[in-house]
1. Any residue in the range 3-11 that is more than 15 Å from Met82 (Cβ to Cβ) and open to solvent by less than 30 Å² (accessible area, probe 1.4 Å)?
2. Just one of Arg66, Arg71, Arg18 is within 16 Å of Arg98 (Cα to Cα) and basic (Lys, Arg); which is it?
3. Go through the range 49-85 residue by residue and tally those that are surrounded by 15 or more Cβ atoms within 10 Å (Cβ to Cβ) and basic (Lys, Arg).
4. Please give the number of the condition Val92 fails out of (1) over 27 Å from Ser123 (Cα atoms); (2) surrounded by fewer than 20 Cβ atoms within 10 Å (Cβ to Cβ).
5. Starting from the range 13-41, take each residue that is modelled with pLDDT under 95 and list its partners that are loosely packed, with under 14 Cβ neighbours inside 10 Å, counting only C-beta distances under 6 angstrom and pairs at least six apart or across chains.
6. Just to be sure I understand, how many residues within the range 46-78 are in contact with a strand residue (DSSP E or B) (Cβ under 6 Å, 6 or more places away or on another chain) and not aliphatic (A, V, I, L, M)?
Amino acid sequence: VQLQASGGGLVQAGGSLRLSCAASGRTFSSYAMGWFRQAPGKEREFVAAITWSGGSTYYADSVEGRFTISRDNAKNTVYLQMNSLKPEDTAVYYCAARSGSYLYTVDNKYAYWGQGTLVTVSS
């Protein structure tokens, strides 16, 4: 599967953005999806994940209650709604896909990656 992330940009602290990740391939609905991010000078970290059906989600503690992951299998797209953004949310955001039912927070469990979209939150 090929992934294309979009929706990044510059936003003030407290603002919102919605990231999208469009997937190619007819088997999108069989993949669990995740969002990760990498800030300058830091390692890539888990943000959120969602099962193939959308029935289960999981979030990093740092974004719980502010970010929402969702998916539309009819559109082959997964979303990350980001509210109450903070300067520390500034990073390149990547979407990722893995076959199977389980949600993982480690990036080496995901076989497919998008190219990343930059989110910059100004104070």
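The values are calculated or read from the model by the stated rules, or taken from the named source; none is laboratory data. Nothing here was measured: the structure is a model prediction, and the numbers come from that model. So basically every Cβ, Gly included, is an ideal-geometry build from the backbone, and we count neighbours across all protein chains shown. The area values use the complete protein model at the heavy-atom level, side chains included, leaving out ligands, DNA and RNA. Shrake-Rupley method; radii C 1.70, N 1.55, O 1.52, S 1.80 Å.
1. yes
2. Just one listed residue meets the conditions, Arg71.
3. 2
4. (1)
5. Ser24/Gln2; Tyr31/Ser99
6. Within the range 46-78, residues that are in contact with a strand residue (DSSP E or B) (Cβ under 6 Å, 6 or more places away or on another chain) and not aliphatic (A, V, I, L, M) number 13.
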